[in-house]
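K.L.:
The structure follows.
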Amino acid sequence: GGNIQKVILFREMHKAKKLLVFCEPSWNLDIKSREMVYGTILELRDKGTSIIMISTDTEEVIALSDRAAVMYQGRIAGFLEGDAINSYNIGRLMLGITGKTM
């Protein structure tokens, strides 16, 4: 699944120099296609392309993010970095609970 998404991704990947914005990059993809898209995003990052990813899939955010901004009621509730990007901390911020992260 996701042949159109894959074609667009590879087309844009060859054009990208500095910045790419992804919105729900693995939405409605099968597991194999999802892994290919994730690999491509990480490859772009490793080549120096800045990636902005908007996603409601917390596992996707955890797997692909170096930094994450989490929203609650239309506003940024907090920022997470490194090991702090986990389901517990994301969930707390999504519920508007701020304070110490784990």
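K.L.:
Note down all Cβ pairs under 7 Å where the first residue falls in region 55-70 and is under 18 Å from Arg45 (Cβ atoms), the second is open to solvent by 20 Å² or more (accessible area, probe 1.4 Å) and in a loop (DSSP other than H, G, I, E, B), and they're at least six residues apart or on different chains.
P.N.:
Listed pairs, sorted by first residue: Ser55/Glu24; Val61/Ser55; Ile62/Asn86.
K.L.:
Could you grab me the full set of residues in region 55-79 that are within 13 Å of the chain's Cα centre (by Cα) and over 20 Å from Glu35 (Cβ atoms)?
P.N.:
If the condition is that a residue be within 13 Å of the chain's Cα centre (by Cα) and over 20 Å from Glu35 (Cβ atoms), then Arg67, Ala68, Ala69, Val70 are the ones that fit.
The values are calculated or read from the model by the stated rules, or taken from the named source; none is laboratory data. These numbers were taken from a predicted model, which means no experiment stands behind them. Positions of Cβ are generated from backbone atoms using ideal geometry, with glycine treated the same way; all protein chains shown enter the neighbour counts. Surface accessibility is based on the protein's heavy atoms, side chains included, excluding ligands, DNA and RNA. Shrake-Rupley method; radii C 1.70, N 1.55, O 1.52, S 1.80 Å.
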